[in-house]
1. Return the residues of the stretch 97-118 that are within 17 Å of Lys142 (Cα to Cα) and not in a helix (DSSP H, G or I); say none if nothing qualifies.
2. Which of the residues that make up the stretch 124-141 are under 16 Å from Leu161 (Cβ atoms) and of a type in the set (Val, Ile, Thr)?
3. Go through the stretch 185-236 and count every residue that is under 20 Å from the mean Cα position of the chain (by Cα), of a type in the set (Phe, Trp, Tyr) and at pLDDT 80 or above.
4. Report those helices (runs of 4 or more DSSP H) wholly inside the stretch 239-328 carrying at least 1 residues which are surrounded by fewer than 16 Cβ atoms within 10 Å (Cβ to Cβ) and touching a Pro at 6+ places or on another chain (Cβ under 9 Å).
Amino acid sequence: MKKRTLGKTGFEISEESLGTWQVGGKWGSGFDHKKADTILNEAVDKGVNFIDTADVYENGESEKAVGRLVRSRSERIYVATKCGRRLNPHIDQAYQPAALRKFVEDSLTSMGLETLDLIQLHCPPNETYYRPEIFELFETLKKEGKIQNLGVSAGTVDQALKAIEYDNVSTIQIIFNMLRQRPSEHFFAEAAKRNVGIIARVPLASGLLTGKFTPSTTFDEGDHRGFSEENALDYGETFAGLGFRKGLEVVEKIKQVLPENANLPAMALKWILMFKEISCIIPGASKIEQVRSNISASDHPELTGEQMNQIRQIYEQHIWPEIADKNW
């Protein structure tokens, strides 16, 4: 597994890492700890050493599974979790240092760890980015040894740019894939200048870039993708903000750029890794076969310059005009 440096953290992490929103089973199926253990250990066996989770993933069950993995393995495994989305209502006024401190301490307890390699604010409201006291809290937690680094999982490019104005923000997690290319235009260069690590989330556009969906595909109850036409998630997270059917049309155009019978998921992940500013990608997996498929992208041949250009043209002609919020 190839390694890249995670910005100013200095961590040498696997460029193919693992997101754990679905690690205990697919969305809406409940959490199976045996399945989670199998997926997590397979990822580490294949060279993954960076695991991303959050305290809201399956109400903390994902964190428990990740902590159990770390405690059971001899390899150095870097753990990133997130805080803030447990606030209800999830509004700026609810973001208070005492509440965030409690979330960090709860995550440490849930995972059975003494310190967190990376804690990330979990898509906070826009106003929160303009409150220095929130970011200062994490300097205190760092001095106490409860965290090693602070990052932000940002919803928009503008939020990501604001976040890295704070010197103690070491990483940004942001949606970036073939269907969501704006970060490479407006964020990557500034992040590189400040030595901020970039973690690409939703790299397969909620599954669209697996190429397995059709107009007749349906989603189980509890699966957020069933609400994609209404853009139920903040910041157009589902299907990169495209309607499901429009997304399918665009994916067909992308397939025409690639060789016949190409491994679309592997090439979609490799496309992201073509950007040197990326520290890692964190595709999720609800079954062991998905882990193996995702990890294969690291050794997949690079896309040609012509393929990269054609995919860019598809984005400009068929995706950008459809995006409702140009700040994404």
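1. Leu113, Glu114, Thr115, Leu116, Asp117, Leu118
2. Thr128
3. Residues meeting the conditions: 2.
4. So the answer is 244-257.
So that you can scan it fast, the table gives a plain yes or no per residue for (1) touching a Cys at 6+ places or on another chain (Cβ under 6 Å); (2) among the aromatic types (Phe, Trp, Tyr); (3) at pLDDT 95 or above:
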position	(1), (2), (3)
Ile13	yes, no, yes
Gln22	no, no, no
Lys26	no, no, no
Phe31	no, yes, no
Asp37	no, no, yes
Gly47	no, no, yes
Asn59	no, no, no
Arg68	no, no, yes
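The values are calculated or read from the model by the stated rules, or taken from the named source; none is laboratory data. Values in this document were obtained by computation on a predicted structure and should not be read as measured data. With ideal geometry, Cβ positions are generated from the backbone for all residues, glycine too; neighbour counts draw on all protein chains shown.
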